[in-house]
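Visitor: Can you keep this structure in mind? I'll have questions shortly.
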Amino acid sequence: VVFSPDFSQTSKVADEWIPLHQGTDGAFWMAVGHVILKENYADKQVPAFQEYLKKYSDAAFLVTLDKQANGAYRPGKLLRASHLAATKNEENADWKFFVLDEVTGELKMPKGTVGHRWQKNKGEWNLKLDGIKPVLELKDRAETTLPIEVTAFSDGTNQRVISRHVPVRKVETINGPVYVTTAMELYFAQYGVNRG
């Protein structure tokens, strides 16, 4: 089945073509994303989906939240090894990132990120978690929640900003404490999935 506003080369060989109106295909796929997140992550936990995201995506990586001049927060960069005193001297520290371990509750740096690809010590450019069980959601592990600003793309101007709360943890960095959340929590916020 192809959902597309135009009768393309793909549409003509599909079993079924659903011609969306031009300009609505983005809204349609945002709605699909919302349903997938709500029904398979927020409302119930589907183990196959959970494991896939933990192992093969950036959904579990921690993202710093940057405080804006108006006091609100916006998603910033991934939390990097160069941000923490214990790991700042790692080779390619700017390109090695952290997840929160489900078992220990500690920050862990899984192998397989870009920093591991280009380091001198070879053999760590893989997606093996080596005993790390990444946390996708901070909902029940958060110290507090913070309102973050996300851009609403519904009016086509990218001017409208919505404030949504996300669960966060405070991490001590070499530049002082910062709040972090997972990329998965940011997905929920952007898609408007109610987290309670």
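Visitor: Place the peptides 11-17, 185-191 in order of packing, highest mean first, counting for every residue the other Cβ atoms within 10 Å and averaging per peptide.
Guide: Those peptides, ordered most packed to least, come out 185-191, 11-17.
Visitor: A follow-up question, please. What list of whole percents do you get for P(r) of the chain, with Cα-Cα distances grouped in 10 Å bins up to the one holding the largest distance?
Guide: With a bin width of 10 Å, the distribution comes to 8, 29, 30, 21, 10, 1.
Visitor: Could you tell me which trypsin sites (Lys or Arg not before Pro) in the stretch 68-132 are loop residues by DSSP with no more than 11 other beta carbons within 10 angstrom of their beta carbon?
Guide: LYS120, LYS122, LYS128
Visitor: Here's a follow-up. Percent of accessible area on the stretch 108-157 owned by carbon and sulfur, 1.4 Å probe?
Guide: 52
Visitor: Taking a probe of 1.4 angstrom, what is the accessible area of TYR179 in Å², to the nearest 10?
Guide: The value for TYR179 is about 60 Å².
Visitor: Accessible area per residue for the stretch 9-105 in Å², computed with a 1.4 Å probe and the full protein assembly in place, what is it?
Guide: On a per-residue basis, the stretch 9-105 sits at 62 Å².
Visitor: Could you name the lysines in cross-link range of LYS139, using Cα to Cα under 28 Å and dropping any fewer than eight places away on the same chain?
Guide: Within the straight-line cut-off, LYS139 pairs with LYS38, LYS44, LYS54, LYS55, LYS67, LYS77, LYS96, LYS108, LYS111, LYS128, LYS170.
Visitor: Further, regarding this structure: For VAL193, VAL161, VAL46, what's the largest-to-smallest order of accessible area, 1.4 Å probe?
Guide: VAL161, VAL46, VAL193
Visitor: Accessible surface of THR173 in the full protein assembly, 1.4 angstrom probe, to the nearest 10 Å²?
Guide: So the heavy atoms of THR173 present about 20 Å² to solvent.
Visitor: Give me the number: length gained by fully extending LYS12 to LYS88, i.e. 0.36 nm times residue separation minus the C-alpha to C-alpha distance, one decimal in nm.
Guide: Roughly 22.0 nm would be gained on extension.
Visitor: What number comes out for the charge environment of HIS83, summing +1 per Lys or Arg and -1 per Asp or Glu over other residues with Cβ under 12 Å away?
Guide: The answer is +1.
Visitor: Then there's this: Please compute the modelled spin-label separation between ARG74 and GLN159, points set 7 Å along Cα→Cβ, answer in nm with one decimal.
Guide: Spacing of the two 7 Å Cα→Cβ label points: 1.7 nm.
Visitor: Got the relative contact order for the stretch 107-196 handy, in percent, Cα pairs under 8 Å and 6 or more residues apart?
Guide: Taking the mean separation of contacting Cα pairs over the length of the stretch 107-196, I get 21 percent.
Visitor: Residues in the stretch 50-64, backbone N under 20 Å from the label point at TRP125 (7 Å along the Cα-to-beta-carbon vector): list them, ranges by number please.
Guide: Label zone hits: 56-58.
Visitor: Using modelled amide H (1.01 Å from N, peptide plane; none on Pro or chain starts), what sits under 5 Å from the amide H of VAL63, excluding residues fewer than 5 places away?
Guide: The list, which skips near neighbours in sequence, is LEU79, THR181, THR182, ALA183.
Visitor: Quick one: 3J(HN,Hα) in Hz for the stretch 43-49, Karplus 6.51/-1.76/1.60 with θ = phi - 60°, rounded, Gly and Pro as x.
Guide: 6, 8, 9, 9, x, 4, 5
The values are calculated or read from the model by the stated rules, or taken from the named source; none is laboratory data. Predicted, not measured: the structure shown is a model, and the values here were computed from it. Using ideal geometry, Cβ is built from the backbone for each residue, glycine included, and neighbour counts are taken over all protein chains shown. Surface areas here come from the heavy atoms of the whole protein model, side chains and all, with no ligands, DNA or RNA. Shrake-Rupley method; radii C 1.70, N 1.55, O 1.52, S 1.80 Å.
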